[in-house]
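One structure is given below, encoded as structure tokens.
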Amino acid sequence: MPSSDLKLTPQERRLLLELAREAIRYGARHGRPPAVNLEALPAALQVPRAAFVTLEENGQLRGCIGSLEARRPLAEDVVHNAFAAAFGDPRFPPVREAEVDRLDIHISILSPLEEMTFTSEEDLLRQIRPGIDGLVLEDGPYRGTFLPTVWKQLPDKRDFLRHLKLKAGLPPDYWSDTLKVYRYTTEVIE
């Protein structure tokens with residue numbers, strides 16, 4: 001089994017949540033993410049993995065930033081994305097230090113992207129697994145993703161795909177032979 005498919009232990013999961021919260025606290029005080037001492041961390045957190053960090057306050061989205069492809073060790077990716085979700089999500093004002101302890105932090109660790117093959121939109125819809133698949137949709141410069149958690153708000157496959165097209169900057173009824181869709185799953189840490 002590739003290392004990217006390994007599930008983290010409860011201790012490793014707690015440690016990632018602590019790293020994310022401390023990255024936000026440090027960022028509120030210093031305006032930058034902290035350095036990560038990889039040697040002090042378990043080997044599983046040193047493996048290159050892609051992750052999204054979602055922040056909520058009182059059940060409302062407060063920031064969400066992530067990586068689609070594994071380009072750095074998991075611990076560094078989580079720290080960087082926690083900082084970016086707190087201070088760089090253009091939809092929200094930067095998190096204030098007084099908010100840090102009130103934030104609910106959700107980390108989604110992505111499996112490697114798997115390109116889907118399909119002959120039509122109906123064929124694509126048949127292959128999509130609601131509640132399981134995160135999707136990346138792209139066509140030329142247009143690109144968007146929905147994590148599997150979005151299925152809670154958009155449980156219908158057709159609605160999920162239409163909203164993903166909108167997020168990518170395309171019309172909801174858009175279709176093209178050059179359209180690419182990738183699927184992934186996530187391990188969610190809360």
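With springs only between Cα atoms under 10 Å apart, run a GNM on the chain and tell me which of D101, D159, D177 wobbles the most.
Fluctuation is largest for D177.
Please work out how much length the chain gains when fully extended from Q11 to K167, using 0.36 nm per residue of separation minus the C-alpha to C-alpha distance, in nm with one decimal.
Going from the current span to full extension adds 52.6 nm.
Based on the alpha-carbon gyration tensor of the range 103-190 and its eigenvalue square roots a ≥ b ≥ c, which shape applies: rounded if a/c is under 1.5, prolate if not and a/b is larger than b/c, or oblate? Intermediate values should be presented prior to the final figure.
Details: a/c = 1.71, a/b = 1.64, b/c = 1.04.
Prolate, since a/c reaches 1.5 and a/b exceeds b/c.
Where Rh denotes the Kirkwood radius from the mean inverse Cα pair distance, what is Rg over Rh for the chain? Could you put the intermediate results ahead of the total?
Working: Rg = 17.2 Å, Rh = 17.4 Å.
Reported Rg/Rh (Cα atoms, Kirkwood Rh): 0.99.
Determine which residues of the range 157-183 fall in the zone a paramagnetic label at E115 would reach in this model, i.e. backbone nitrogen under 13 Å from the point 7 Å along Cα→Cβ.
178-183
Of all GluC sites (Glu not before Pro) in the range 14-101, which ones are in loop regions per DSSP and have a Cβ with at most 16 other Cβ atoms within 10 Å?
Details: sites: E18, E22, E39, E56, E57, E69, E76, E97, E99; in loops: E69.
Sites meeting the loop and neighbour criteria: E69.
Report the residue, chosen from L16, L124, L147, that carries the largest GNM mean-square fluctuation when the chain is represented by alpha-carbon nodes joined by springs under 10 Å.
In this elastic network of the chain, the residue with the biggest mean-square fluctuation among L16, L124, L147 is L124.
Between K152 and D177, how high is the FRET efficiency from 1/(1 + (r/R0)^6) when r is the Cβ-Cβ distance and R₀ = 25 Å? Nearest 0.05.
Given R0 = 25 Å and the Cβ-Cβ separation, E is 0.20.
Scan around F92 for amide H atoms under 5 Å from its own, H built in the peptide plane at 1.01 Å from N, and keep only partners 5 or more places away or cross-chain.
Placed amide hydrogens put nothing under 5 Å from F92.
With a ≥ b ≥ c taken as the square roots of the eigenvalues of the C-alpha gyration tensor of the range 3-110, please select rounded if a/c is under 1.5 and otherwise prolate if a/b is larger than b/c or oblate if it is not? Kindly include the intermediate steps, with their values, before the conclusion.
Numbers: a/c = 1.75, a/b = 1.58, b/c = 1.11.
Taking the square roots of the gyration eigenvalues as a ≥ b ≥ c, the range 3-110 is prolate.
Each value in this text was obtained by applying a stated rule to the coordinates, not by laboratory testing. The shown structure was predicted, so the numbers you read here are calculated from the model rather than taken from an experiment. Glycine also receives a Cβ, built like all others from the backbone with ideal geometry; neighbour counts cover every protein chain displayed.
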